[in-house]
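Take a look at the structure set out below.
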Amino acid sequence: MGMADAGSLREQAKELIDRRDKLEAQIDAIAARLNAPGGGGIRESLVDKEGFPRADIDIPKVRTDRHRLATLHADHKQLTGQIESLLLQIHAQAKPKEQTRASTEAVTARTSHEPSASTPPTTNATESAATSLTSAAAAAVPVPDTAVAANNFSISPCTAATTPSSTPFAVVTR
């Protein structure tokens, strides 16, 4: 893939972004019209308490505007997905090959099954692989000294001895 491909992808992305901006302007105009006094609102009822059509609004116009608004929202979502896809392709092309090769070598080095000086000798090949993967994962992820609260969960280091197949963290719900 050459520069022409990346350039054409950029042009496509710019065109889609321009189309999305026009859709957003239409969405804003319809929402403003619906939310104006006597506009009927975006989600308000079109009937009164007794079940009769409201006399203060133009019901067919409000229904048409609400339908158009829903259609524009769906189109906006689709365009945003297409833009995201193009941006991912553009960034994938822009990534230097050396960086990709270096990250592949780093992953290979971290997951190699050769025992290190800190890994105790094992008698089983499966146990050896699990131990080296666990030690590689432990080296890649820093262990927090204190519990970290996130939303409704807290993550804290386990005090019990861990085995190669267990995780060094405990998740506690509140």
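Any read-out appearing in this document is the output of simple, stated calculations on the displayed coordinates, not a laboratory observation. The model shown is predicted, which means the values in this text are computed figures rather than measured ones. Cβ coordinates were reconstructed from backbone atoms using ideal geometry, including for glycine residues, and neighbour counts include every protein chain displayed.
Just one residue in the set His76, His67, His91 is surrounded by 10 or more Cβ atoms within 10 Å (Cβ to Cβ) and touching a helix residue (DSSP H, G or I) at 6+ places or on another chain (Cβ under 8 Å); that residue is His76. Residue count for segment 8-54, restricted to those that are under 30 Å from Ile90 (Cβ atoms) and aliphatic (A, V, I, L, M): 7.
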